[in-house]
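Scroll down for the structure; my scribbles are underneath it.
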């Protein structure tokens, strides 16, 4: 007979042995288990507490070697008063992807409506693509199959049960499982902790992404389906120095085509991409080009310098990008299009820069997203820039070098066309210096303005041009005061040499946005809310040797019909010409300021957003009124003549009445 103390001792020893076995055997075995690269299963069911009523079956997992495939002829009910039946269930897992299929299924949880389907198929690929299809799908005998939403997934709510609560049917669900893409054809989801059967998964495929190859250095057109499948894989593209072009680019998506696409990459690390045109028009009707789903791009060009700076330009900014049913403003870096209810449905990124983990920067000229998940994503002009691509910096020579000569350049302070027209002012020809540089707050400051309109005022001007540099300096600059387009900058300095162009400012505001003091990057753009106007700082254009640099440019030719440039250096001699707008009035010439301070300028009517500050110029009553054609000095004479006419008329009336009375 074994005594109680000895029994307790044996129990402790046995427990220790079991624990050691678990720690030494089971735990390492579990920790050493590898995650399958691809897997597929037909059906899985969980009870109210999350326990397994049906383990994933049939289950096929692939980690290497030959393709794995399993099947079941049918599955039956697992609980009374609950129907959970399927036929023809197969699961296949291979090196390139996984697939699950079910010929037919009927599911009806207790006290809920039936769900039936045929031809269920779910698949995924190691390239990131996923797919879900059905032949039929019904709830309580009613068709709920929406093929247009299968690529993104959707949810169907079943009638609520008084006993078991709410139940949902999730169709075409996409999730991530331990870094692997998972697609589930159907998920029946009841309320956890309440319904006897909480969750049913039907048709599950899981794929780990294949090892990604390094992206191309430069590529032209990339189109990706909502499922993740690549329809146009970055064509044409370059992985090394050189250039390549394609007259036409198309892929497996007939709705997406491009023409005149070229890419180039230089030894110094600079790159360029141009796209003559791109069309993605899913709607095949006669008005498909103008539907919100259409994307059309014309005359795109991306330039990336060896230092990583990038510039995006279009041949015609007014008709460059058509999306969401309109021509959008390309002066911004992001456009979000909404539907009639205000919900976002498309997004366009312009000159997008995304830092990568390896230190490189992925620069995309235009990236289009369809937020509804119905249409393919598009990337035009993709450049992978790396600091190493620029090559090592050569050791500088100890001897000083002479700056290269600058070709002939003209510099001038301001010109404008449109409602406020100004001919080029303070023009400095090569070898000349023009100065009107006095304190900007002085009462006698020489300035360039547009006269009574009060839209343009430039003060403290200095322009010069030599064989080494051309420059323009402006102490104070005010454009369109009191409006959404208002520009107010100080100490604007533009300098052009044979080496490059620099622009610095003392700070200020542009279209309500703050501009900090210091250097300004080339092509810095500001969009004006509610307008087509675009304000650009340090605008640069190069056509062969004909270079033009503009410190500040306001382009509203599609709105007010105005183009204003301040601080211009150009290869072409400026022409003094009249405003081509009306053809009847000559352009007003620059004139000296009348001593008015900037606050006394009265802005003219330039649009719906014209706002005048209380107490400002618009509220001033001391400013002289503009002449209207009547001579003010003649007013007293006119008043006297009016009084005499009134008196004479009264006398005539009295005299007439007396004559009538005498006759009577």
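The values are calculated or read from the model by the stated rules, or taken from the named source; none is laboratory data. Predicted model only: the values in this text are computed from it and were never measured. Cβ placement follows ideal geometry from the backbone for every residue including glycine, while neighbour counts extend to all protein chains displayed.
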- line: Of 544, 523, 512, 500, the only residue that is within 21 Å of the chain's Cα centre (by Cα), loosely packed, with under 15 Cβ neighbours inside 10 Å and either in the same structural domain as residue 474 (by TED's automatic domain parsing) or at pLDDT below 85 (or both) is 512
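Can residue 325 be described as surrounded by fewer than 17 Cβ atoms within 10 Å (Cβ to Cβ), more than 29 Å from residue 270 (Cβ to Cβ) and in contact (Cβ under 8 Å) with a residue 24 or more places away in the chain? Steps first, answer last, please.
Working: surrounded by fewer than 17 Cβ atoms within 10 Å (Cβ to Cβ): yes; more than 29 Å from residue 270 (Cβ to Cβ): yes; in contact (Cβ under 8 Å) with a residue 24 or more places away in the chain: yes.
Answer is yes for this residue.
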query: Going by the structure shown, is residue 234 assigned to a loop (DSSP other than H, G, I, E, B), at positive phi and buried (at least 17 other Cβ atoms within 10 Å of the Cβ)?
result: no
- request: Quick one: which residue in 498, 484 is out of contact with any strand residue (DSSP E or B) (no Cβ under 8 Å at 6 or more places or on another chain), touching a residue at least 12 places away in the same chain (Cβ under 8 Å) and closer than 28 Å to residue 304 by Cα?
  value: 498
Pairs, first more than 18 Å from residue 424 (Cα to Cα) in the stretch 447-476, second modelled with pLDDT under 85 and part of a strand (DSSP E or B), C-beta under 8 Å, six or more apart: 468/497; 469/497
field: the stretch 373-386 residues that are assigned by TED's automatic domain parsing to the domain that holds residue 351 and on the phi > 0 side of the Ramachandran plot, paired with ones that are part of a strand (DSSP E or B) and crowded, with 24+ Cβ neighbours inside 10 Å (beta carbon under 6 Å, 6 or more apart)
entry: 381/273; 381/302; 381/365
field: Test: residue in the stretch 144-167 that is in a helix (DSSP H, G or I) and loosely packed, with under 15 Cβ neighbours inside 10 Å
entry: yes
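Tally the residues that are in contact (Cβ under 8 Å) with a residue 24 or more places away in the chain and not in a strand (DSSP E or B), restricting the search to the stretch 334-355. Give the steps one after another, and end with the answer.
At the first step, the residues of the stretch 334-355 found to be in contact (Cβ under 8 Å) with a residue 24 or more places away in the chain are 337, 339, 344-348, 350-351, 353.
Filter again for not in a strand (DSSP E or B), leaving 339.
So the count comes out to 1.
Could you please find all residues in the stretch 513-535 being outside any loop (DSSP other than H, G, I, E, B) and within 24 Å of residue 316 (Cα to Cα)? Before you say what the answer is, go through the steps one by one.
Kept after step one, since they are outside any loop (DSSP other than H, G, I, E, B), are these residues of the stretch 513-535: 513-515, 518-519, 524-527, 534-535.
Answer for the stretch 513-535, where residues must be outside any loop (DSSP other than H, G, I, E, B) and within 24 Å of residue 316 (Cα to Cα): 524, 525, 526, 527, 534, 535.
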field: Residue in the stretch 36-46 that is closer than 27 Å to residue 374 by Cβ and either touching a residue at least 24 places away in the same chain (Cβ under 8 Å) or in contact with a helix residue (DSSP H, G or I) (Cβ under 7 Å, 6 or more places away or on another chain) (or both) present
entry: yes
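Among the residues of the stretch 289-302, write down those that are part of a strand (DSSP E or B) and surrounded by fewer than 20 Cβ atoms within 10 Å (Cβ to Cβ). I'd like the intermediate steps shown before the answer.
First, pick out the residues of the stretch 289-302 that are part of a strand (DSSP E or B): 295-302.
Once the filter is applied, which keeps residues that are part of a strand (DSSP E or B) and surrounded by fewer than 20 Cβ atoms within 10 Å (Cβ to Cβ), the stretch 289-302 yields 296, 298, 299, 301.
Here are some residues: 231, 217. Which one is touching a helix residue (DSSP H, G or I) at 6+ places or on another chain (Cβ under 9 Å) and either modelled with pLDDT under 85 or within 24 Å of residue 361 (Cβ to Cβ) (or both)?
Values: 231 fails: touching a helix residue (DSSP H, G or I) at 6+ places or on another chain (Cβ under 9 Å).
Result of the check over 231, 217: 217.
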- request: Could you grab the pairs with beta carbons closer than 7 Å, sequence gap of 6+ or different chains, first residue in the stretch 97-108 and under 18 Å from residue 205 (Cα atoms), second one not in a strand (DSSP E or B)?
  value: 97/126
field: Which numbered condition residue 9 misses (of (1) at pLDDT below 85; (2) surrounded by 10 or more Cβ atoms within 10 Å (Cβ to Cβ); (3) within 30 Å of residue 209 (Cβ to Cβ))
entry: (3)
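Considering only residues of the stretch 38-65 that are surrounded by 10 or more Cβ atoms within 10 Å (Cβ to Cβ) and at pLDDT below 90, which is farthest from residue 182 (Cα to Cα)?
At the first step, the residues of the stretch 38-65 found to be surrounded by 10 or more Cβ atoms within 10 Å (Cβ to Cβ) are 38-48, 50, 52-63.
Filter once more, so that each one left must be at pLDDT below 90: 48, 50.
Working: 48: 23, 50: 20 Å.
In this case the residue turns out to be 48.
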- prompt: Can you name the residue in the stretch 112-134 that is assigned to a loop (DSSP other than H, G, I, E, B) and under 38 Å from the mean Cα position of the chain (by Cα) and is also modelled with the highest pLDDT among such residues?
  reply: 134
- prompt: Hey, among 310, 250, 270, 262, which residue is within 19 Å of the chain's Cα centre (by Cα) and surrounded by 15 or more Cβ atoms within 10 Å (Cβ to Cβ)?
  reply: 310
- prompt: In this structure, does residue 166 turn out to be touching a residue at least 60 places away in the same chain (Cβ under 8 Å) and out of contact with any helix residue (DSSP H, G or I) (no Cβ under 6 Å at 6 or more places or on another chain)?
  reply: no
